[in-house]
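To start, the structure under review is shown below, and the notes come after it.
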4 protein chains.
Amino acid sequence: MSLNPPVRLALVGAGRIGSNHAELVARHVPGAELVAVADPTPNAERLAADLGVAVVERSVEAVLAQPDVDGVLITTPARTHTDLVLQAAAAGKHVFVEKPMAVTLADADRAIAAARDAGVVLQVGFNRRFAPGWAAARAAIDAGKVGAPQLLRSVTRDPGPFSADPGQIPPGTIFLETLIHDFDALCFLNPGARPLRVTALADALIRPDAKHSGHLDTAVVTVEFDNGAIATAEASFSALYGYDVRAEVFGSGGMVTAGDGRASDMTYYGPDGIGIDTARRDTELLRDAYLAEFVAFTSAIRSGTPAPVTGEDARTALSVALAAIRSASTGAAVKLADIALEVAS
Amino acid sequence: MSLNPPVRLALVGAGRIGSNHAELVARHVPGAELVAVADPTPNAERLAADLGVAVVERSVEAVLAQPDVDGVLITTPARTHTDLVLQAAAAGKHVFVEKPMAVTLADADRAIAAARDAGVVLQVGFNRRFAPGWAAARAAIDAGKVGAPQLLRSVTRDPGPFSADPGQIPPGTIFLETLIHDFDALCFLNPGARPLRVTALADALIRPDAKHSGHLDTAVVTVEFDNGAIATAEASFSALYGYDVRAEVFGSGGMVTAGDGRASDMTYYGPDGIGIDTARRDTELLRDAYLAEFVAFTSAIRSGTPAPVTGEDARTALSVALAAIRSASTGAAVKLADIALEVAS
Amino acid sequence: MSLNPPVRLALVGAGRIGSNHAELVARHVPGAELVAVADPTPNAERLAADLGVAVVERSVEAVLAQPDVDGVLITTPARTHTDLVLQAAAAGKHVFVEKPMAVTLADADRAIAAARDAGVVLQVGFNRRFAPGWAAARAAIDAGKVGAPQLLRSVTRDPGPFSADPGQIPPGTIFLETLIHDFDALCFLNPGARPLRVTALADALIRPDAKHSGHLDTAVVTVEFDNGAIATAEASFSALYGYDVRAEVFGSGGMVTAGDGRASDMTYYGPDGIGIDTARRDTELLRDAYLAEFVAFTSAIRSGTPAPVTGEDARTALSVALAAIRSASTGAAVKLADIALEVAS
Amino acid sequence: MSLNPPVRLALVGAGRIGSNHAELVARHVPGAELVAVADPTPNAERLAADLGVAVVERSVEAVLAQPDVDGVLITTPARTHTDLVLQAAAAGKHVFVEKPMAVTLADADRAIAAARDAGVVLQVGFNRRFAPGWAAARAAIDAGKVGAPQLLRSVTRDPGPFSADPGQIPPGTIFLETLIHDFDALCFLNPGARPLRVTALADALIRPDAKHSGHLDTAVVTVEFDNGAIATAEASFSALYGYDVRAEVFGSGGMVTAGDGRASDMTYYGPDGIGIDTARRDTELLRDAYLAEFVAFTSAIRSGTPAPVTGEDARTALSVALAAIRSASTGAAVKLADIALEVAS
């Protein structure tokens, strides 16, 4: 397939993850070109200068007005995602939006409809689907090697020590921004099945002093699927040994696991035993996954095929997250059907 | 320490696990002697002949009447354990009883009281505490390397394919006989903490046809502890790849895992990839653990020190199992305090 | 660092490995552009069309005559490398040449001198230095974690089954083209030390029927270094389980290993045990390494700094290979000093 | 099989390894009894008291004169082994002798003949054959999973730091006492093949100051077999990370490896990466192997079947060690046929 002309992308949001994505798109995605950066802060100029991007804007509107922009990468704070998806779709731009695409189901529906009506690609940043281990696990499942999934597990532990200000973290973040990866991964690894019911336990174990203000930094969520499979998702904001994401699918035919946290295949044998380097950041451990998702996004734009991770996928993961939030506060299991109804009303 | 004279033990119950224990005690535990076997079936004669044991009895009473028996190993079906503990204690015999020691808290209390009143050692068969990986994990925790435990996991998957007759399996077995190992392991790996609340999900995923009769073969249980730690226990009756028991403890200072299912340190690299032999049976994977628990039992008898796994430990694990049974049937979380109250009434 | 204007590279030799390199440079190396392809066969057109490269030539001269070519990648058969390095240097082009840069020390000297005199970058394709595990191993050595290297090992096993025609493989290939990677890796992992003496054993174990014609497909070489370290290099043309490259450095302070052959971090547990996917090709297992070496080459051209793998490195590895060839035929150890003398005469 | 009456064994040599063996035999080998200990030092009394052994002698003659001793374990210094084998055989006692059984081929022949003539079991202490990983590797080879062995490797690294007095270590020790394990393991893992030719490199890298007196602490030996397979054996006296024994067999059908140095299946994830405990001693890492060899010895005595490791096996490994010693001093390859001839003369 010819990669000419290039797909021209603009970045909206030049923070930590936006800068990572910009660098990958600008330098490492064949057939993609980063043509503009928008951010209300001087990060925009710095990043554009680093990457040799000519167009720098303070506002998203200015970027969306550029006719030579084919698509945007939305990497702003979570609560702004839906409106930006709508704006971009209205401008006829293809959209890659970081998770969560929305924080209410109504917003998710609006985003999906907007992209559909505008006929643009809408892809959501569930990077784990593109990580080699997860993709290989799914391939093994598709090949029937695991049989019918019965017990699943997905883990996300952010690298520690936790140093953020709990007061700056919106309520629900552990479900809406961290575990949402796991909820999507569990759906990805249980293909064709739908989540039915969610039970969540959460606490402030890392910063118990912040619990009174609603801070939650540790959580365990169980998800029951319509094929009988029972899944567990687990998150912590502070893994001292590095960034730890793993998955496990146990079924009637065997088990498959993904994720080992290794930074390389080097092993050190020293006076204190055998040691393995762990990855300290998501952008290190999942670099290949991030790269692959942008290759896929670019390819979807070029070929006019659907994105491999859709707005509907984002809506499903969000519904689990919302159910988990309610369950964590009520202490009872929450049916997704009840979450869905709520939206409809 | 001199191992003379030997500690003389009798086996009560010559089934699969009893035969395993008998062989270990008769041949591999220094300072122990297997002097009698009791079983109502011809298994007793067969086993005694194999191991060169002179005394064979059909009844437990006959064995308990023997003055030269110091202690008994009770490996009969679960529902008979408590009464046998009481009989043995009344006869002044030290007692090793397979899990579960009891299936009601009242029975657990009776067993504990009987052993205490008789001044005999009472040890319960939570073998995982003696497995090298689990013991090393606990040592790492005791050494402060994991910090405060926050997230724990314990898994038991029996080797498949599942071939038993669901109709022959008493209700609650997955909690009372399988997961009870995990409940104890979670307490062992969260030293000093007490379980507070239990939520259980269970289903008949292996034999859905038997679900109507109450059969459960797959379960996920969450346990909340009084130090804030959240634990997950998972069980399945049919792991096609072999016997799979594992544990994971994540804390403020790091993580420790135990269990890898390897049958040996041999690795095979062939046309289909890299392959590792897995253990097919508990008696293979945990042989060292079984051996160590009998060495510990013998040593406790000899030295008059308490057993390393007590009746109180069994009562705690049982209370979690009972809460899990109730939670699985009601769909709601169950407080251990409520389970305890019920017993008292 | 600005990556503009791009470094413009031409490929010379559009075979299997040339096509791999071309695709990486054309699509995945930031700041590089593949502007021409030269090959006497229709491979040239095919590859250029795939990658959208405008200039296709049958002859290397035509490519070297292009003023807008900054550097060339030489991926032709081994025996043609030196002459092409000389031609390219004479044309003022920077040179990346696949190993071996030369097959005689005199040729190696000519290549080194030509590049030096022309003031062009000369980089040799020892990709293993750029593989994450090897780079991490070297970093651990540089950090003193291994102490003084004492025993080293490097392994190369090409994926099997071996299907080439032994009659088409030049004599010495296992040393000059396969093990030369290991000889360089051993020098890389024993920094500052020089090889002194070589002993080689080689045989035709995969194709014993071809032994009479000089075919060798299996070899073990020991290399003694001037710091006392003893190294072993091992090669086979047919590993049924995939491409297998590994290294091990044991020293006074510990040991470090690199290479695990895993295609991903997915693990499968099935009825036959635990299985891991292995990589079937060098271009799969070492993709990151290939990419990194082209990034380094591009960066050296842009910044005017020396290549990270020099002609001198190639000469050292070649001298070990030549000594190994002689040792394999005479059955005696060969001093590198004697190999060097031979060249001088 | 009935284990009564017990096989009565005596220990000759109550040093470090003798004490290990005595404890295993006295307490952990079913159907064996340790009935006497002989040692010229007070170690004898100490050990006998610890294990409850009644008979303690200063001289081997006194032990051999005891009619109720069925067999002896010879764990004295290497140079005394052959004479003790001869004495024991002459007394009609079965013999387990630690490696090396002899340090000259003539002595090996004398030992073999003596045992044969006396009709006693003669077993040599090549424990690695009994280690689970090695046994499983051999089983995989026997099952044809590796195909024809082509490249083999065996490694022995004693735990460091090295603290012995080089002056107290007899010349040739690294070959005769350390690598002899590897030479036997290579034969065990290349079933049916015979070693033909040996090349050895050795140095004093740990204690270069002791090299002038003939001290060697690091060695690499290649062994060519009559089936074409090329093997490497490697030894060091000082592995800072613990006791490290491993094997690798690569063949036309795949590869098998044994040995991973893990002390347990516990893994620790901490701020410095992932860590695994290594075994610090042979008696820890190979405990199961030691135990299995004594079970096998006892069983051979009881059943009258040949020992699983014979005097001939010891002679073969010794011939490789002697060839290695000569090769290390001459710098040339040494044919085993020449070593054999020497003996005959």
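Quick notes
- Ordering of C:333-340, B:279-286 by packing [mean C-beta count within 10 Å, highest first]: B:279-286, C:333-340
- Residue separation of C:Ala337 and C:Arg281 scaled by 0.36 nm, minus their Cα-Cα distance, works out to 16.5 nm of gained length.
- Relative compactness, the protein assembly as shown, computed as alpha-carbon Rg over 2.2 N^0.38 Å: 1.01
- Mean partner shielding of peptide D:211-218, defined as the number of other chain Cβ atoms within 10 Å of each residue Cβ, is 1.
- Shape call, chain B: gyration tensor on alpha carbons, a/c limit 1.5: rounded
- Pseudo-label separations to other copies for B:Asn227 - Cα-to-Cβ vector, 7 Å, nm: 3.9, 4.5, 5.4
- Compared with the dominant Cα axis of chain D, that is its longest principal axis, helix D:81-90 is turned about 40°.
- Neighbouring partner chain Cβ atoms per residue of A:140-153, average, 10 Å criterion: 3
- Annotation for C:Ala148, label-to-label distances across the other copies: 4.3, 4.9, 6.5 nm (shortest first, one decimal, point 7 Å from Cα along Cα→Cβ).
- The range A:1-60 and the range A:208-230 have Cα centres separated by 35 Å.
- When the Cα convex hull of the range D:1-110 is projected onto planes of every orientation, the mean area is 6.8 nm².
- Under 5 Å from the amide H of A:Thr218 lie the amide H atoms of A:Asp203, A:Leu205, each residue being 5 or more positions distant or on a separate chain, with H modelled from the backbone and absent for Pro and chain starts.
- Value at 222 nm in deg cm²/dmol, rounded to 500, when DSSP H runs of n ≥ 4 in chain A each add -39,500 (n - 2.57): -10500 deg cm²/dmol
- Long-range HN-HN contacts of C:Asp226 with modeled amide H, under 5 Å: C:Arg194, C:Leu196
- Each peptide in B:172-178, D:244-250, B:226-232 receives the mean, over its residues, of other Cβ atoms within 10 Å, and ordering these scores from highest gives D:244-250, B:172-178, B:226-232.
- Distance from the range B:233-306 to the range B:108-181 (C-alpha centre basis), Å: 13
- Taking a ≥ b ≥ c as the square roots of the eigenvalues of the Cα gyration tensor, an a/c ratio of 1.5 or more together with a/b larger than b/c marks the range D:234-327 as prolate.
- Taking the range D:79-137 and dividing mean pair separation by its residue count, relative contact order in percent (alpha carbons under 8 Å, at least six apart): 37
- Nearest-ten-degree value, helix D:105-118 long axis tilted from longest Cα axis of chain D: 40
- Mean per-residue shielding of peptide C:23-29 is 3, counting Cβ atoms of other chains within 10 Å of each Cβ.
- Per-copy distances of the C:His212 label point, shortest first, in nm (7 angstrom along Cα→Cβ): 5.7, 7.6, 9.3
- Computed over every Cα-Cα pair of the range B:136-262 and binned at 5 Å starting from 0, the pair-distance distribution P(r) comes out as 2, 11, 21, 21, 17, 12, 9, 5, 2, 0 percent.
- Between the amide H of D:Gly254 and those of C:Leu240, distances stay under 5 Å, these residues lying 5 or more places away or on another chain, with hydrogens modeled in the peptide plane.
- For chain B, the longest principal axis of the alpha carbon atoms and the long axis of helix B:132-142 meet at an angle near 70°.
- Whole-Hz Karplus values for the range C:317-331 come out as 4, 4, 4, 5, 4, 5, 5, 5, 4, 5, 5, 4, 8, 8, x Hz, taken residue by residue from phi with 6.51 cos²θ - 1.76 cosθ + 1.60 and θ = phi - 60°; glycine and proline positions read x.
- DSSP bridge orientation in chain A - percent antiparallel, rounded to nearest 5: 55
- Reduction of at least 10 Å² in accessible surface, 1.4 Å probe, comparing all protein chains with the chain by itself, residues of the range A:276-292: A:Ile276, A:Asp277, A:Thr278, A:Arg280, A:Asp288
- Residue and whole-Å distance for the chain C Cβ lying nearest the axis of the C-onto-A rotation are C:His28, 3.
- Surface accessible to a 1.4 Å probe, A:Ile274 within the full protein complex, Å²: 10
- Karplus (6.51, -1.76, 1.60) ³J(HN,Hα), θ = phi - 60°, over the range A:168-182, in Hz, Gly and Pro reported as x: 8, 9, x, x, x, 4, 4, 8, 7, 10, 9, 5, 4, 4, 5
- Remark: the protein assembly as shown carries 35 Å² of accessible area per residue (probe radius 1.4 Å; ligands, DNA and RNA excluded).
- Sites C:Ala113 and D:Asn43, calculated FRET efficiency, Cβ-Cβ separation with R0 41 Å, nearest 0.05: 0.05
- Protection proxy ranking of A:10-16, D:150-156, B:81-87, by the mean of other Cβ atoms within 10 Å over each peptide's residues and highest first, is D:150-156, A:10-16, B:81-87.
- Taking 7 Å steps out from each Cα toward its Cβ at C:Thr80 and B:Thr330 produces label points 8.1 nm apart.
The values are calculated or read from the model by the stated rules, or taken from the named source; none is laboratory data. What you are looking at is a predicted structure, and each value in this text was computed from that prediction instead of being measured. All Cβ positions, glycine included, derive from the backbone under ideal geometry; neighbour counts span all protein chains shown. Ligands, DNA and RNA are stripped out before the accessible areas are found, and what is left, the full protein with its side chains, is counted by its heavy atoms. Shrake-Rupley method; radii C 1.70, N 1.55, O 1.52, S 1.80 Å.
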